[in-house]
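The values are calculated or read from the model by the stated rules, or taken from the named source; none is laboratory data. Not measured: the values here are computed from a predicted model. Cβ atoms come from the backbone with ideal geometry, glycine included; neighbour counts cover every protein chain shown. Just the protein is used for accessible areas: all its heavy atoms, side chains included, with ligands, DNA and RNA removed. Shrake-Rupley method; radii C 1.70, N 1.55, O 1.52, S 1.80 Å.
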Amino acid sequence: MASADTASMAAAPGAQAPSSVRRITEPQYRRAIADVFGPDIKVIGRFEPDMRVDGLLAVGTSAVSVTSGGLEQYEAIARGIAEQVVAPEMRERLVVCAPGPQDINGAACAGRFFQAYVPRLYRRPLPDAERAQLVAATLKAGHILGDFHAGLAATLAGLLTSPDFLFRIDRAGEIANGRRMVDSWAKASRLSFFLWNAPPDAALLAAAERGELDNAQGLATVTDRLITSPRFSEGVRAFFTDFLQLDDIDTLAKDARIYPSFSNAIAADAREQTLRTIVDLIVDRRGDYRDLFTSRRIAINRALGPLYDVPVPERGWAFHEFPDGDPRSGILTQVSFLALHSHPGRTSPTLRGKAAQEILLCEKIAAPPANVNFAVVQDVDNPTLKTTRARLQAHLDDEECASCHKLTDPIGLALEKFDGAGQFRQTEHGEPIDTTGTFAKSTFDGAAALGRLFHRSDAVTSCLVQSTWRYATGRNLVPSDRVVVARLSDGFAKSGYRLVDLMRAIALSPEFLELDPGSSSPPQKLRLASSTKGAS
């Protein structure tokens, strides 16, 4: 039967070795199972964590393999899925056939089963010889286990722990205009995972089969279908979840004594609020990306209403528009950003400023020295230094700390009228809060004014282009990317800074579908740890 080891051998160096691989993420895994077998098949179990590299999980997918412990987790999940697929109540819909007088041992049935599902799971065609191996493995397992469907489940579980399923494997295609492109199947995967955060659907695989992704007109037609699909919103949500590091909200905790209205459910709603707000502006209204920093329109529900001091009469999600002059303006003033980049019991201008610099401006901030003394900053009950600004200023008397704080703290101090849970406040310990500062040589007073400076900052839009390109390609920038990033940035500006147009331009760029453009790194090899139990 198929196993991780045998499948690994199939993908290992041979007639045509893979050039690069990316491990699919947990959301992509779950989407793949739902797409192929239906949403009623449950994916139960813990996944090996993804790894963030230079701010993006997408870049980390090119760097991670699977540990032995992680493989055991994948195996447990795969067995659970396989047992559901072949369960008696599912067979009529998912297996369709069974051994019978015309197919005594079930070989024909197993062949049809694998032909139906493996191309979707592996995102490539299933050669006859490989299908025959899977059928033979199923019959052998069925004989040992005394049940055809048990054998089918064992082989399916092996498929789901195969590198061909767990990893996106790029294989070499034709040379076009002097570039070595990936093959049609890898093109389909790159497009689908980038624009939908999901594996290719049957129509996309069919387009790859017909060679439609190998010419400009066909590629444009396919790309436009993906962008106009309702699933494109899921792709945009996935990008911003990664870009804004919103997945970290899953582990966000607040001191209940200080912020009694904050909970895990509120945190999850805050993330959903940000994503709904983004999709509304970026996808539904095809708006200007820069407006995310100044827009007063925000998605909201009843649970979040108290944090924003906004009554929400109806159930479910609605949109609210803050009036001119309100301190809430743009994503920097949303609870997801404010609470995520604060301490459990207090705000942190440094954490908020560091997040803005690294995520939104693509600036790297050095980690603090190991022996740095935070006592002054952490003393929130200091009778003399009542505000965070005052305590930070005292901390900056240490010259070693001052250089980095000059980059982070002005931005963070602009947000100080929002506490560690994102609620608005006018004072801190009875003292008025000073939110003045300087960004890009311009002065501001308050979060809304800072948002306006972000809106007109070239660094903000440049960072988005770079991050979107890195997200799409799953790697950091290489020297040869300079030309394509400059071209994309120019097109982004001409489009009115519309992210939909930027993503379309990336999907259509030859560099996006190139096998390994200008990478100084050697081709990665597929690595999958040996399991103590084996996949079969």
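So here's what we get for this one:
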{"read-out": "Region 244-265, residues that are within 21 Å of the chain's Cα centre (by Cα), open to solvent by less than 50 Å² (accessible area, probe 1.4 Å) and on the phi < 0 side of the Ramachandran plot", "value": "244, 246, 247, 249, 252"}
{"read-out": "Residues located in region 472-488, provided they are of a type in the set (Gly, Ala, Ser) and within 17 Å of residue 20 (Cβ to Cβ)", "value": "472, 474, 480"}
{"read-out": "Conditions (1) free of Cβ contacts under 8 Å to residues at least 60 places away in the same chain; (2) in a loop (DSSP other than H, G, I, E, B); (3) under 24 Å from residue 343 (Cβ atoms): number failed by residue 295", "value": "(3)"}
{"read-out": "Test: residue in region 227-240 that is β-branched (Val, Ile, Thr), farther than 22 Å from residue 447 by Cα, at pLDDT below 95 and under 18 Å from the mean Cα position of the chain (by Cα)", "value": "no"}
{"read-out": "Output for region 194-229, where each listed residue is touching a Ser or Thr at 6+ places or on another chain (Cβ under 8 Å), part of a helix (DSSP H, G or I) and open to solvent by 20 Å² or more (accessible area, probe 1.4 Å)", "value": "209, 212, 214"}
{"read-out": "Single condition residue 416 does not satisfy, out of (1) surrounded by fewer than 21 Cβ atoms within 10 Å (Cβ to Cβ); (2) assigned to a loop (DSSP other than H, G, I, E, B); (3) under 33 Å from the mean Cα position of the chain (by Cα)", "value": "(1)"}
{"read-out": "Qualifying residue in region 369-380 (condition: surrounded by 16 or more Cβ atoms within 10 Å (Cβ to Cβ), at pLDDT below 90 and farther than 20 Å from residue 415 by Cβ)", "value": "yes"}
{"read-out": "Enumeration of residues in region 88-137 that are among the acidic types (Asp, Glu), assigned to a helix (DSSP H, G or I) and open to solvent by less than 60 Å² (accessible area, probe 1.4 Å)", "value": "130"}
{"read-out": "Selection within region 10-30 - at pLDDT below 50, outside any helix (DSSP H, G or I) and either open to solvent by 30 Å² or more (accessible area, probe 1.4 Å) or small (Gly, Ala, Ser) (or both)", "value": "12, 13, 14, 15, 16, 17, 19"}
{"read-out": "Output for region 273-328, where each listed residue is more than 21 Å from the chain's Cα centre (by Cα), β-branched (Val, Ile, Thr) and farther than 17 Å from residue 451 by Cβ", "value": "300, 310, 312"}
{"read-out": "Qualifying residue in region 325-335 (condition: open to solvent by 50 Å² or more (accessible area, probe 1.4 Å), in contact (Cβ under 8 Å) with a residue 24 or more places away in the chain and either out of contact with any Ser or Thr (no Cβ under 6 Å at 6 or more places or on another chain) or among the hydrophobic types (A, V, I, L, M, F, W, C) (or both))", "value": "no"}
